[in-house]
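Step one of this worksheet: look at the structure below.
Every number in this text was worked out from the coordinates using simple rules, so none of it is lab data. Nothing here was measured: the structure is a model prediction, and the numbers come from that model.
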């Protein structure tokens, strides 16, 4: 039962990260974010905005660490 919940959580997190990174990339493409030229880059090999994916993932991890560190 726990494996099903873990798999669904993983799938949901993947979708959220994908959506957030694509929105971050498109906002950076329109020069709406700080460091827009860095976030705007798309990998030629993978054809995805790798920097935006890493930025969104890092922010999500930092926010989760704050939650874990609060002890609640």
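Report, please, the projected area of the chain averaged over directions, based on the convex hull of its C-alpha atoms, in nm².
Mean shadow area of the hull around the Cα atoms is 6.4 nm².
Given springs between every Cα pair under 10 Å in a Gaussian network model of the chain, which of 11, 28, 60 has the largest fluctuation?
Largest GNM mean-square fluctuation: 11.
Relative contact order for the chain using alpha-carbon pairs under 8 Å, separation at least 6, rounded to a whole percent?
Over the chain, the number comes to 24 percent.
Per the helix-only calculation at 222 nm, which mean residue ellipticity applies to the chain, given -39500 (n - 2.57) for every DSSP H run of n ≥ 4 and division by its residues, nearest 500 deg cm²/dmol?
-24500 deg cm²/dmol
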